[in-house]
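The values are calculated or read from the model by the stated rules, or taken from the named source; none is laboratory data. Please read these numbers as outputs of a predicted model, since none were measured by experiment. Positions of Cβ are backbone-derived with ideal geometry, glycine not excepted, and every protein chain shown enters the neighbour counts. SASA here: full protein model, heavy atoms, side chains in, ligands and nucleic acids out. Shrake-Rupley method; radii C 1.70, N 1.55, O 1.52, S 1.80 Å.
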Amino acid sequence: MTANFTAEAAKAALTDVLDALETPENVLKLSNVKESSGNEMLKTMQFVFPTVMQIQMEVIKKYGFPDGREGAVQFAQLVRSLEKEDTDIARLHAQVRSYFLPGAPINSSTDVSL
């Protein structure tokens, strides 16, 4: 199924990931790991990033990606290739990344509405 991963499927998957990140259970889980990480980037990457990735991995299984790290890597590669041609995918991907890279600026060329 991942061989036929279209831009529309990417948008749906990223939207589902964002929805999953916003469930009360995951908001609480992320809040706890962010609080324990403070403003330290190393701790954020040790604790927040894996939590976000775990939530994402649960969602992308529904789109035909293998469970675990392999599926997450495949998903990330496909999304990165698709976001070059689709500003909506780039915007959604930036929103997902903002969960574990809070200080990262969002690419203004994809986020500014004219």
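Tabulated data
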| item | result |
| --- | --- |
| Candidate aspartates and glutamates - alpha carbon under 19 Å from K43, same-chain residues fewer than 8 apart omitted | E35 |
| Per residue solvent-accessible surface (Å²) - the chain, probe of 1.4 Å | 61 Å² |
| Eligible lysines near K11 by straight Cα distance, threshold 18 Å, same-chain separation 8 or greater | K61, K62, K84 |
| Rg ratio (alpha-carbon, reference 2.2 N^0.38 Å) - the chain | 1.06 |
| Rounded tilt (10° steps) of 24-37 against the dominant C-alpha axis of the chain | 60 degrees |
| Pairwise FRET efficiency - T87 versus N39, Cβ, R0 = 35 Å, nearest 0.05 | 0.70 |
| Largest-first ordering by accessible area, 1.4 Å probe, given options F47, F100 | F47, F100 |
